[in-house]
Amino acid sequence: MPEIESVLWAGEFRSLRTQGFLFFDFLTAYERDGQLAVIARVVNLDTKQSLLLTAKVDADQNSIATISDLYAGAVWQERETAEMFGIKFIGLGDTRPLLRRSMLARPPLLKSSVLAARMLKPWPGQPSHRKQQPVGVVDDWLQA
Amino acid sequence: MTTGDRMPAHSHGVIALTASACTSCMICVRECPVWCIELECHDEEVTEPGARRPRTVSVLDAFTIDYGLCMYCGICVDLCPFDALAWQPDFDYAAGSAAGLVQGISELESWRNNLDESPKVSGS
Amino acid sequence: MEIGKEVFDTSSAPGNTLGLVSAPLPNPRMYRVAADPSLRVQILDLGLACCALEVGSAIATGLLVETGLLDAADVGASPASGTTILLISGTSTDALAPAVLRAWEQLPEPKAAVSFGACANTGGPYWDAPTVTKGIDQLVPVTIYVPGCPPRPEALIAGLLKVRDEIEVA
């Protein structure tokens with residue numbers, strides 16, 4: 001999967017459009033080793049070629065340029081990625097969140113975000129005489 | 001209305017518990033993706049005639065499935081090493097409250113009434 | 001406390017309702033329950049996710065039969081006939097909650113709400129998701145909870161018959 005420099009992200013798609021990659025499939029983000037990255041797939045419908053591109057977001061600003069001016073369908077997915085990962089898409093006009101009613105809490109899809117429901121309900125698999133953690137929760141969740 | 005004839009015997013309707021087969025190993029509880037199973041047990045010493053030392057066995061005190069949460073994936077049924085859990089095609093257990101969907105040992109055992117003992121063959 | 005009050009106070013939330021608060025709702029449709037021909041109910045099918053397919057299946061397999069308007073004979077035949085049922089199947093998010101509440105408020109009396117499937121009952125597989133409503137009983141008073149993920153179409157009928165029983169007892 002081609003990884004490109006975050007400053008080249010939007011420019012790469014601008015260039016891909018001139019090569020016939022006019023169909024936008026999806027855009028989302030992922031977190032690896034504490035670093036957020038965006039990932040998107042575009043398709044050239046004439047040649048049936050598809051490209052999956054990724055770029056780390058700027059770590060200081062947590063931001064990357066929008067591609068919504070190139071692909072109209074990217075607006076919805078950039079809005080979703082912004083509200084779920086806290087990434088700022090520079091140049092994205094419509095920044096209204098889709099599902100979250102309050103933007104005060106941490107973006108829910110960051111690995112460091114603890115799910116409140118899992119804090120409130122004890123894991124039923126926790127044996128009284130052994131220390132065992134359920135998968136997918138932070139190390140100190142029992143103490144928190 | 002009865003359990004429909006057109007329903008396969010092992011369709012994911014409800015989970016029947018055979019409490020005497022359960023060893024309280026907790027595998028179902030831990031593997032449940034939605035945390036809908038709870039189990040309580042205590043250890044008892046059993047002395048068998050002729051045995052040198054007493055043996056410790058787990059005795060099941062409580063076992064509940066919250067069918068309000070259950071996603072009917074069947075991981076608990078598949079993983080149970082002792083076949084204490086089995087699918088039954090019954091569906092008629094809607095309740096007047098969310099708490100009414102939490103079933104304990106006696107309710108879960110009652111689904112065994114029409115337990116199909118035929119071998120589980122996927123796709124049959 | 002009024003049901004759903006705290007969930008619906010979205011005054012601090014961003015002004016994005018996707019038109020859910022103002023868009024016109026479909027009219028409830030009249031159905032006869034094949035298992036009990038004396039029972040005719042109006043159903044507003046609020047299908048929010050995959051469970052909604054099972055409602056379609058109940059109609060396609062003839063368990064629910066679409067029928068004409070209620071007449072006096074029906075009301076006499078079964079006290080539950082003429083009840084309007086809000087059938088909520090699928091996942092409700094907090095963003096969608098105002099639309100669910102509005103659907104309930106706009107239904108004529110007598111009415112009852114049926115929660116169909118794990119998501120509507122408790123949040124189901126999404127019980128830990130920060131954006132999902134943990135049971136639509138936080139929004140509307142639910143008469144019967146139908147378990148399943150999804151419940152079978154037959155379970156829907158069994159649930160409707162339980163609603164009938166509840167009304168007849170009351």
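The values are calculated or read from the model by the stated rules, or taken from the named source; none is laboratory data. Remember, it's a predicted structure, so these values are computed and weren't measured experimentally. Cβ placement follows ideal geometry from the backbone for every residue including glycine, while neighbour counts extend to all protein chains displayed. What goes into the accessible areas is simple: the full protein's heavy atoms, side chains included, and nothing from ligands, DNA or RNA. Shrake-Rupley method; radii C 1.70, N 1.55, O 1.52, S 1.80 Å.
A few remarks follow.
- At least 40 Å² of accessible area lost relative to the chain alone, listed for segment A:79-118 with a 1.4 Å probe: A:96, A:99, A:101, A:115, A:117, A:118
- Centroid-to-centroid, using Cα positions, segment B:50-77 and segment B:5-47 are 5 Å apart.
- Restriction of the trypsin sites (Lys or Arg not before Pro) in segment A:1-90 to DSSP coil positions whose beta-carbon has at most 11 other beta-carbons within 10 angstrom yields A:48.
- Taking chain A as a Gaussian network of alpha-carbon nodes connected by springs under 10 Å, the highest mean-square fluctuation of the residues A:29, A:74, A:59 belongs to A:59.
- Rounded to the nearest 20 debye, the dipole size of segment B:1-107 about its Cα centre is 240 debye, using +1 on the Cβ of Lys and Arg and -1 on the Cβ of Asp and Glu.
- Sites listed here are chymotrypsin sites (Phe, Trp or Tyr not before Pro) in segment B:20-105 whose DSSP assignment is loop and whose Cβ has at most 15 other Cβ atoms within 10 Å: B:82.
- Projecting the Cα atoms of C:47, C:83, C:69 onto the charge dipole of segment C:27-169 (Cβ charges, centred on the Cα centre) puts C:47 farthest toward the positive pole.
- Area hidden from solvent between B and C (accessible, protein heavy atoms only, 1.4 Å, total, Å²): 1900
- Around the Cα centre of chain A, unit charges on the Cβ atoms of Lys, Arg, Asp and Glu (plus for the first two, minus for the last two) sum to a dipole of about 660 debye.
- Rg to Rh quotient for segment A:1-125, alpha carbon positions, Kirkwood Rh: 1.04
- Using a Gaussian network model of chain B in which every pair of alpha carbons under 10 angstrom is joined by a spring, one finds that among B:108, B:69, B:17 the greatest mean-square fluctuation is at B:69.
- Spin-label model distance (nm) - residue B:23 vs residue A:4, 7 Å beyond Cα toward Cβ: 5.7
- Charge-dipole axis of segment A:1-125 as Lys and Arg at +1 and Asp and Glu at -1 on Cβ define it, positive-most pick from A:10, A:38, A:113: A:113
- Expressed as a fraction of 2.2 N^0.38 Å, the value expected for a compact globular protein of N residues, the C-alpha radius of gyration of segment C:27-169 is 1.00.
- FRET efficiency for the residue A:46 to residue A:95 pair, using the beta carbon distance and R₀ = 25 Å, is estimated at 0.15.
- Calculated FRET efficiency for the pair residue A:62/residue A:18, C-beta based, R₀ 30 Å, to 0.05: 0.50
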